[in-house]
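See structure below.
Bear in mind that the values in this text are calculations on the coordinates, not laboratory data. Being a predicted model, the structure only gives us computed values, none of them experimental. Cβ atoms come from the backbone with ideal geometry, glycine included; neighbour counts cover every protein chain shown.
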Number of protein chains: 2
Amino acid sequence: MARATSARGESTRRRQRWPDGYDPENTRRSLITSALELFERSGFDRTSVQEIADQAHLTKGAFYHHFESKDDLLRHIQEEYLEAQLTAIQQIEAGSDDPKVRVAELIRFSLRSVAEYRAHVTIFYQERRYLTGELFAEVTRKRDLVEAAFAGMIQDGVTKGVLRADVDARIATFGLVGMCAWAYQWLNMAGPLSVEEVARQFSAMVLEGLAA
Amino acid sequence: MARATSARGESTRRRQRWPDGYDPENTRRSLITSALELFERSGFDRTSVQEIADQAHLTKGAFYHHFESKDDLLRHIQEEYLEAQLTAIQQIEAGSDDPKVRVAELIRFSLRSVAEYRAHVTIFYQERRYLTGELFAEVTRKRDLVEAAFAGMIQDGVTKGVLRADVDARIATFGLVGMCAWAYQWLNMAGPLSVEEVARQFSAMVLEGLAA
DNA sequence: GCCATCCTTCCGACCGGACGGTAGGCTGTC
DNA sequence: GACAGCCTACCGTCCGGTCGGAAGGATGGC
């Protein structure tokens, strides 16, 4: 206590303002990083703005200078992730035409993004519904784009006769997406399950089946 | 305003205390039902005890008579679901010995429980992490029992030579569980996808593979 | 059958604390 | 000197939980 607005500073031990050089963008980044960690661990609602600022060695004031609101930050994180998804999808579509290869690539890419964007993914699935009105719509739209791409590739495979026709493309897509998305619950949690290895096994399972 | 402790009642329009007969257990049940709906829609943290009580046409006082705390209610809901899971698992284990049949049954059962216990499932996956210490441990323990049963059945299939040996049982289990668990995000959401039909397709996909 | 008593069930007002957000001032950069 | 970056102090609100009491069922004695 005390201290507050001490008359005309002299600030015996005032912490240097920008010890690592003047770089506001870096401050912003560290707030995001801090939030990613905390949101992943404790969830959006159970993480206070104060905690985010603390972990970044800043104050709430700094936070609200860089972000309009707590929701604004969440939006930013979600978009960051979805952008990455969309560009990855485009890469796959630009690749091989073989439906089987594409499905395998989809699995590989999905798992990789889970591993790489772990915090983003966790937050995305857990806190998506907390976005309001048009924000939610925007995020959902991009989300649907990703899923539509999945479904499109599988449907394409069926049409070309490479994939079985008696399986509904939509259902298969949901299954595939779920299988991969769920990985955020366990991947990297227990031991050294390499992403590539898991992707290979999932592909085998889905394409050729479990039966011996 | 005013009113409060009006001397010796006469209570011109006092709502009858138990219009549907005296049945405390029913009150308790209606609080749980109310919570299930609200938790599913808005999440645990965004649902206030006041709202739960309101929707059940009761007050916070009544709530705290029937439950120790908000967490206590959550615990109750989680356990309700897990008990149902465990008994279902036992049924499957008591059924056919054929690994392929068992896997198909697991899928069918998982999807059915998602459809039937929709709110429970949603809440379970979204709010599990908010349980504290030993409660979390207890819930996780039961959860692991369910997953271990899955893994055991698949491993059994591999050992018997009915399922392929080059797929790791653990990974396959994770995939299967994910595929089914994910269904809580879309099942019943869009149109009349019958549970049995989805189960059939998932089984075909996993056991025989997508390739034509 | 009736009454006095206890106990469960439920109500309503209240408390303390946490949290999102704001306002105004200080500080260093350009 | 203007302005971006950051900080301190503060506000209003909401929410989980508590407490004392009222109202009506259950119980037991007569």
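Brief remarks on what is shown
- Reciprocal mean inverse distance between Cα atoms of the stretch A:100-154 - Kirkwood radius, Å: 12.5
- Distance histogram for the stretch B:41-85 (every C-alpha pair counted, 5 angstrom bins, percent rounded to whole numbers): 5, 20, 25, 27, 15, 6, 1
- Long-range Cα-Cα pairs in chain A (distance over 33 Å), rounded percent: 32
- Listed cross-link partners B:100/B:142; B:70/B:142; A:100/B:142; A:60/B:70 are compared with a 28 Å cut-off, the Cα-Cα value being larger for A:100/B:142; A:60/B:70.
- Taking a ≥ b ≥ c as the square roots of the eigenvalues of the alpha carbon gyration tensor, the stretch A:131-195 is oblate, as a/c is not under 1.5 and a/b does not beat b/c.
- Shielding by other protein chains, A:39-50, mean Cβ within 10 Å: 2
- Normalised convex hull volume, the stretch A:94-212, alpha-carbon set, Å³ per residue: 124
- Neighbours of residue B:208, meaning other residues whose beta-carbon lies under 12 angstrom from its beta-carbon, give a summed charge of +2 when Lys and Arg score +1 and Asp and Glu score -1.
- This ranking places B:154, B:89, B:171 by how few other beta-carbon atoms lie within 10 Å of each, fewest first, which gives B:89, B:171, B:154.
- Exposure rule at most 14 other beta-carbon atoms within 10 Å, DSSP loop GluC sites (Glu not before Pro): chain B longest free segment: B:69-212
- The coefficient of translational diffusion for the protein assembly as shown, derived via Stokes-Einstein from the alpha carbon Kirkwood radius under 4 °C and 1.567 mPa s, stands at 53 µm²/s.
- Globularity ratio of the stretch A:19-108, using Cα Rg and 2.2 N^0.38 Å: 1.47
- Residue with peak Gaussian network fluctuation, chain A [Cα springs, cutoff 10 Å], from A:156, A:166, A:98: A:166
- In the assembly of identical copies, residue B:133 has its label point, taken 7 Å from Cα in the direction of the beta carbon, separated from the corresponding points by 4.4 nm (ascending, one decimal).
- When residue B:97 is represented by a point 7 angstrom out along its Cα-to-C-beta vector, the spacings to that point in the other copies are 5.2 nm, nearest first.
- Solvent-free Debye scattering, log10 I(q)/I(0), computed from the Cα coordinates of the stretch A:61-148 at q = 0.21 Å⁻¹: -1.03
- The angle between the Cα long axis of helix B:133-159 and the longest principal axis of the Cα atoms of chain B comes to about 20 degrees, rounded to the nearest 10.
- Mean residue ellipticity (222 nm) of the protein assembly as shown, computed from DSSP H runs ≥ 4 via -39,500 (n - 2.57), nearest 500: -22000 deg cm²/dmol
- B:205, A:153 arranged by Cβ crowding within 10 Å, fewest neighbours leading: A:153, B:205
- In chain A, the beta-carbon sitting nearest the axis that superposes A on B belongs to the residue given here with its distance in angstrom, A:209, 2.
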